[in-house]
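The values are calculated or read from the model by the stated rules, or taken from the named source; none is laboratory data. The structure presented is a predicted model; accordingly, all values stated were derived computationally and were not measured. Using ideal geometry, Cβ is built from the backbone for each residue, glycine included, and neighbour counts are taken over all protein chains shown. We work out accessible area using only protein heavy atoms, side chains counted, and drop any ligands, DNA or RNA first. Shrake-Rupley method; radii C 1.70, N 1.55, O 1.52, S 1.80 Å.
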Amino acid sequence: MSFLTPALDVLDQYPRRVLTLVAAGCIGLLAFGMYLQHVVGLEPCPMCIVQRYALILVAIMAGVAASLSGAKGRRVGVVLMGLLALGGAFVAARQSFLQWYPPEVLSCGRDFYGMIESFPLKRAIPMIFKGSGDCSAIDWTFLGLSIANWSFLCFAGIAALATALLLRRR
């Protein structure tokens, strides 16, 4: 456990900075997701969209918790951040499972242009936010892990960090 001592000291001394870094990290991950979508051309699937929403909510909760001066309010924010991270981790784990064991019949939704052509804009906009990619497809990897795998690791790390913040020394 002695190798964790410096990290635990940082959590003890600078919890607000740690939460600010979590919020900034989430914003960076969201920006990278937008880059992959709009520059590289990867279409997000419905599970990717849910993970984006979870990441946005984690960033907001981390930012709110960092801005609170009271310890009780900050603890509530950290608990909510951890729960949101667990929700994102669950969706990412489910998507990873679908990628490892693809189903015989795919039902992730329609493609973007098909929705615009087939439905009035009032009905197409909600469908756009549902995503249009294949949830079991692996379109991009880094170090042998898919986006869903990396998403799971990030969410799990945030949940572990939230737990460490809650259990840190007084």
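Brief remarks follow.
- Complete set of residues in the stretch 18-37 that are open to solvent by 40 Å² or more (accessible area, probe 1.4 Å) and touching a residue at least 40 places away in the same chain (Cβ under 8 Å): THR20, LEU29
- Which numbered condition GLY88 fails, given (1) of a type outside the set (A, V, I, L, M, F, W, C); (2) modelled with pLDDT of 90 or more; (3) surrounded by fewer than 12 Cβ atoms within 10 Å (Cβ to Cβ): (3)
- If you filter the stretch 38-55 down to residues that are farther than 15 Å from SER96 by Cα and at pLDDT below 85, you find that the one that is least open to solvent (accessible area, probe 1.4 Å) is LEU42.
- Answer residue from the stretch 69-81, given it is open to solvent by less than 60 Å² (accessible area, probe 1.4 Å) and in contact with a helix residue (DSSP H, G or I) (Cβ under 6 Å, 6 or more places away or on another chain) and is nearest to TRP150 (Cα to Cα) among those: MET81
- Taking the criterion of being touching a Phe, Trp or Tyr at 6+ places or on another chain (Cβ under 9 Å) and under 18 Å from ALA164 (Cα atoms), the only residue of the stretch 49-83 that qualifies is VAL58.
- Residue in the stretch 62-83 that is at pLDDT below 90, not in a helix (DSSP H, G or I) and not small (Gly, Ala, Ser) present: yes
- SER151 vs. criteria at pLDDT below 85, assigned to a helix (DSSP H, G or I) and surrounded by 19 or more Cβ atoms within 10 Å (Cβ to Cβ): no
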